[in-house]
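These notes are about the structure you will find just below.
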Amino acid sequence: MSIVALAVYLAASAAAQSPMYGANAAPEASTADAAASTAAVAASTSTAPPDDSTGRGFKVGGGEPKPKLSRPMHAVIHKDAVDWEPLSLRVGGVPGSADNAVALKVVKVKGRLKGEHSGARSAARLHKGPKNSTWLVISLYPKSLEAKRTHFELRFRLVEGFVEEAAAAAVKVTDRRRQKSDRLLDSFDLRARAIEYESEQPGSGQITVAELDPRPGSSARNSGRLEKAEFAHTDFGFVNLSWSVRGLASR
């Protein structure tokens, strides 16, 4: 066999023993590729915490809890006050969001509440009660009832920092000697001045307080609402009202 023929024969034998040859052969993996593959495997078997526990990912099933709304309460409302009768009492609402307003003869029509709405002036006073108690009185004077000399009151009896009683009333001045005045008197003031008046309390209702401050001074803040207050008088019917009063005078 000639030398040329021998060379061709040896090349053909080497190609037959190789698993892949020519254009179909895969390129040899580089050292960098092998290192990357090894790193990926190591990462998949790592005990490192997942992204969500390190703050980089999304948490399934909700996020952080909403911050609890802070309500300025400078007197304690008992938990069982929500079951008081005829008026229940509880803490709720957004401080400072209420208006001084009254709605009379409230009824539900096609799923919506309708009534006779009126803006109102407001006042807050602290009166001495029996023994060591005091009365925080929030008064609302609706514009629609000015001619009838009628206003509404929310009354809170406090003993050693606790609200022990809550009441509401519609108060009408009946004394003919009483002339119209811009002075906003409540029932305690009227009694002290021997001015005749009539008072009616609702048979049911719900009081919700957002701010409660029985400390006299200009910084006192009191706000809340009374809902579904049922009065027997036909001028009132079911009454909803809300108040937001700054300052507290002491008598």
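For this structure, a couple of remarks:
- Positive dipole terminus of the range 80-141, leading residue within Ser97, Tyr141, Pro86 (C-beta point charges): Tyr141
- Here the ratio of the Cα radius of gyration of the range 140-251 to 2.2 N^0.38 Å is 1.09.
- Given charges at beta-carbon only (K, R positive; D, E negative), |dipole| of the range 110-251 in Debye: 440 debye
- Short-range pairs are left out: with C-alpha atoms under 8 Å and at least six residues apart, the relative contact order of the range 93-172 is 20 percent.
- Mean-position separation - Cα centroids, the range 202-251 and the range 138-193, in angstrom: 11 Å
- Here the 3J(HN,Hα) profile of the range 141-158, calculated from phi with Karplus coefficients 6.51, -1.76 and 1.60 at θ = phi - 60°, is 10, x, 5, 5, 10, 4, 5, 8, 6, 10, 9, 10, 10, 10, 10, 10, 8, 10 Hz, Gly and Pro shown as x.
- Neighbour net charge for Ala81 - beta-carbon separation under 13 angstrom, K R +1, D E -1: -2
- Volume of the Cα convex hull of the range 64-168, divided per residue and given in Å³: 167 Å³
- Relative pair counts by distance (%), Cα atoms of the range 133-178, 5 Å bins: 5, 21, 22, 17, 14, 11, 7, 3
- Peptides 108-117, 78-87, 209-218 ranked from most to least packed by the mean count of surrounding Cβ atoms within 10 Å: 209-218, 78-87, 108-117.
Laboratory data are not the source of any read-out in this text; all were calculated from the coordinates shown. Remember, predicted model here, so these are calculated numbers, not experimental data. With ideal geometry, Cβ positions are generated from the backbone for all residues, glycine too; neighbour counts draw on all protein chains shown.
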